[in-house]
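First the structure, in the form of C-alpha cells, and then the observations on it.
The values are calculated or read from the model by the stated rules, or taken from the named source; none is laboratory data. Values in this document were obtained by computation on a predicted structure and should not be read as measured data. Please note: Cβ atoms are built from the backbone with ideal geometry, for glycine as well, and neighbour counts cover all protein chains shown. When the accessible area is computed, the model is the full protein with side chains, heavy atoms only, and any ligands, DNA or RNA have been set aside. Shrake-Rupley method; radii C 1.70, N 1.55, O 1.52, S 1.80 Å.
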Amino acid sequence: MEVKSSKQLYNKLFYIYTLILLCAISALVIYFYNSTRNRVLEQSLSYTEMMSESALMYLEDTSDIAEHIHENLYKSSMELNDVLHYMTDEPAVYQKYRLDTYIENKLSGYKGIEKFFLDALQAYTSLDHITLYSYERDEITEYTRDGKSYRRAGDDEFKRRLEAVDLVGEDSFAYLKEIRNPATMQVKGCMILEFKSKRFETIRQYYSRAELIVYNDAGSPVYESSGRHKIADIMKADNKGALESMLNAYVEEAWKGQYHVIGYLEKDRAAAVPWSVAVMLLAVGIAVMILGEIFVKYHLQKLAGRLNRLLEGMTKVMDGNLDVRIPTDKNGDELDVIAGYFNEMCVNLDEHIKKRYLAEIEQKDAEMAALQSQINPHFLYNTLEAIRMKAICNGDREVGKMLYSLAVTFRAQIKEADIITLAQELHYSKKYMELFEFRYPNQFKAMVECPEEYLQAPIIKFVLQPVIENYFIHGIRMKEQDNYVKIVVEKEETYECRDGRCLTEGCAASTGFRIIVEDNGKGMAEDEITAKNQELENDAMKKQSSIGIANVNRRLKAVYGREYGIHIESRSGGGLRVILRFKTDEVVPVVQEEGI
C-alpha cells in the first residue's frame with residue numbers, strides 16, 4: 001500500500017505560522033514606530049516651548065537692563081545735569097558748564113555723560129551701543145563700546161523710526177527711554193539702548209528642529225530663522241489657530257512690551273523619526289522574522305518527522321503487521337500519547353485475535369483555565385495645571401510661572417520614565433531653580449553650561465534636584481546679593497578594569513560624564529568634606545544629614561557601578577563643587593529626549 005506523508009500538513013502549518021508571525025512582527029514594528037513618532041513629537045513640542053521661553057527671557061533681561069540704566073541716570077544728579085546740559089546747551093556753553101562744575105566741586109574726576117555710558121556698555125555685554133537724541137537741538141550722539149562718541153544732526157529716517165517707535169536695526173533691537181528735567185518734568189530728549197540680536201540665533205541653534213521669529217509692534221523683524229515668512233502676513237493672523245494654519249506648524253507665542261516671540265515647529269517635521277531609528281526598527285523586525293522562521297521551520301520539521309513515523313506504523317498495521325512499535329520521544333505531548341496508545345492498541349489487538357474476543361479498551365481526558373488583570377496617575381499634575389490657568393486668567397502671571405515650574409517637576413516624577421535625557425534633567429533642574437528665584441528675588445543667579453552634543457545622553461532622572469535643594473537649605477547666604485549656582489557638564493573617558501588590573505590596556509572603555517554643581521555659598525570645613533566623601537565612597541551617609549545627596553549617590557552607584565557617584569570639593573573663594581559622575585555607552589536619538 002502507498003505510504004502517505006505529512007507534507008501537506010507541514011506546508012499548511014508553515015504558511016499559517018508564517019502569516020501569524022508576519023502579522024505580529026508587523027504590528028509590533030508599527031506600534032514601536034508610532035510610539036517613537038509620538039515621543040519625537042512630544043519632545044519636539046517641549047523643545048519649541050523651551051526655545052520660546054529662552055528667547056522671551058533674553059527680551060526680559062534686556063528690558064530690565066534698559067530700565068536699570070535709566071533709573072541709575074536719575075540717581076546721580078551730576079550725571080543727570082550733565083546729560084540735560086549736553087542736550088540743551090551749545091557745545092561751548094556745555095564745555096564751560098563742565099569746567100565750572102569741575103572747579104566748584106573740586107572733583108578728582110568728572111562724572112559726566114561719557115563715563116556713565118561707557119560704564120553701562122562695559123557692564124552689560126549684550127548692550128551694543130547707546131544713542132542720545134536732543135529734541136531741542138535735533139542732534140544725535142552715538143556712544144560705542146570702545147568709548148568713542150559720534151555726533152550728527154537728526155535725519156528724516158531717524159525721526160520717522162523714532163515717531164513710529166520702530167527701533168529695530170541691523171543685528172540689533174532697542175528700547176527708548178525719555179529724559180525729563182526733574183524740576184520742570186519737561187522732556188528734553190531720549191536715550192535709545194540697542195542690544196545685540198545675534199543671541200536669538202544662538203538660542204535657535206540650541207533647539208535646531210524648531211524655527212524662531214522675533215518682531216516688534218511696527219512689523220520690523222528682529223530675527224527670522226527660516227527667512228520664508230513675512231512679518232506682515234504673521235501679524236494678520238488674529239489668533240493662535242489662524243497662525244498655526246498659516247504656518248502649517250505647532251506654534252508657541254509670547255511677548256514682552258513691543259517685541260513678540262513666535263516659536264514654531266512645522267508639522268511635517270514635528271514627528272519625523274530619524275532615518276537611523278527607522279532603519280533600526282526595520283532591521284530588528286526583519287531579524288526577528290528570520291529567527292522566528294528558523295524556529296518555526298525547525299519545530300515543524302521535527303513535528304513532521306514524528307507524524308511520518310506514525311503514518312508508517314499505521315500503514316504496516318493495515319498490511320497485517322501487528323508487531324509494529326512506534327518509538328516515543330519522551331516529549332509528553334499528544335503525539336507521544338498517540339504513539340503510546342498506538343503501541344498499546346497493537347498489543348491488545350494481537351491478544352484479541354489470539355484469544356478471540358478477549359479485549360478491553362480504556363479512555364482518559366484532562367482540562368485547563370487562566371485569568372488576567374490590568375492596572376494605569378495624573379490627578380496631581382492636572383490639578384496643578386488647572387490652578388496655573390486660573391492664576392493666569394486672574395492676571396497673576398508670576399504665580400502662573402511658579403506653578404508651571406512646579407508642575408513640570410511633578411510631571412517628570414509622575415509621567416517620565418526612569419531613564420531620561422540629560423537635556424530633560426537640566427530643564428527640570430532649571431525649572432526647580434526658577435521657584436527659588438521667585439522666593440529669593442535678586443539674591444542669586446543660576447547658570448547652566450552643557451555642549452549640545454551631550455544633551456541626548458541618557459541618565460536616571462532627578463539626580464540634580466536634591467543637590468541644588470541641599471544648597472538652598474544649607475549653603476545660600478541670605479544676607480548677600482551675589483549668590484549663584486553653576487551647573488557644568490563635561491565628558492570623560494572611563495575604563496572598567498578586568499582581572500584586577502587598572503591599566504587601560506585590556507579594560508573596557510565607556511563614555512563617562514561629569515556634572516559639576518558649583519556655588520559660592522557657606523561651604524564646609526576641609527575635615528568635614530573629607531568625612532563626607534568617605535561616607536559617600538562607602539555608601540554609608542548618616543541619615544540625619546544630606547539625605548538627598550546620599551540617595552542620589554546610592555542610586556548612581558546602583559545603576560552605573562561602584563566607581564561612579566558623588567564627590568564633594570571645596571571651591572576657591574568659598575562655596576562647594578559637587579561632582580556627579582555617570583556613564584553611558586551610547587547617545588539616544590532625539591526621540592526622547594530634552595534643552596535647557
With respect to the numbered conditions (1) within 30 Å of Ser226 (Cα to Cα); (2) in contact with a Lys or Arg (Cβ under 9 Å, 6 or more places away or on another chain); (3) open to solvent by less than 60 Å² (accessible area, probe 1.4 Å), which one is the sole condition not fulfilled by Asn248?
(3)
Could you say which residue among Leu45, Leu19, Leu80, Leu73 is part of a helix (DSSP H, G or I), in contact with a Phe, Trp or Tyr (Cβ under 8 Å, 6 or more places away or on another chain) and open to solvent by 50 Å² or more (accessible area, probe 1.4 Å)?
Leu45
For segment 175-206, which positions are small (Gly, Ala, Ser) and surrounded by 14 or more Cβ atoms within 10 Å (Cβ to Cβ)?
Gly189, Ser197
Do we find a residue being in contact with a Ser or Thr (Cβ under 6 Å, 6 or more places away or on another chain), modelled with pLDDT of 75 or more and surrounded by 15 or more Cβ atoms within 10 Å (Cβ to Cβ) anywhere in segment 312-331?
no
Find all pairs meeting these conditions: Cβ atoms under 6 angstrom apart; at least six residues apart or on different chains; first residue within segment 425-451 and farther than 13 Å from Ser54 by Cβ and assigned to a loop (DSSP other than H, G, I, E, B); second residue modelled with pLDDT of 80 or more and among the β-branched types (Val, Ile, Thr).
Cys450/Val489
Do we have Arg160 as open to solvent by 30 Å² or more (accessible area, probe 1.4 Å) and in a strand (DSSP E or B) here?
no
Quick check on this structure: which one of Tyr215, Tyr150 is surrounded by 12 or more Cβ atoms within 10 Å (Cβ to Cβ) and either farther than 29 Å from Ile262 by Cα or of a type outside the set (A, V, I, L, M) (or both)?
Tyr215
Ile30 vs. criteria of a type outside the set (Ser, Thr, Tyr), within 30 Å of Ala271 (Cβ to Cβ) and surrounded by 12 or more Cβ atoms within 10 Å (Cβ to Cβ):
yes
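Yes/no per residue for (1) within 33 Å of the chain's Cα centre (by Cα); (2) aromatic (Phe, Trp, Tyr); (3) more than 22 Å from Glu49 (Cβ to Cβ):
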{"residue": "Asp171", "(1), (2), (3)": "yes, no, yes"}
{"residue": "Lys177", "(1), (2), (3)": "no, no, yes"}
{"residue": "Gly189", "(1), (2), (3)": "no, no, yes"}
{"residue": "Ser197", "(1), (2), (3)": "yes, no, no"}
{"residue": "Arg209", "(1), (2), (3)": "yes, no, no"}
{"residue": "Tyr215", "(1), (2), (3)": "yes, yes, no"}
Flag if Val288 is over 16 Å from Leu45 (Cβ atoms) and open to solvent by less than 30 Å² (accessible area, probe 1.4 Å)
no
Checking the condition closer than 23 Å to Phe195 by Cα and at pLDDT 85 or above, which residue from His68, His85 passes?
His68
Would a scan of segment 506-521 turn up a residue that is modelled with pLDDT of 80 or more, under 30 Å from Pro451 (Cβ atoms) and more than 24 Å from the chain's Cα centre (by Cα)?
yes
Could you list, in sequence order, the residues of segment 420-465 that are closer than 19 Å to Ile549 by Cα and either modelled with pLDDT under 75 or not aromatic (Phe, Trp, Tyr) (or both)?
Leu422, Glu425, Leu426, Ser429, Lys430, Met433, Ile459, Ile460, Lys461, Val463, Leu464, Gln465
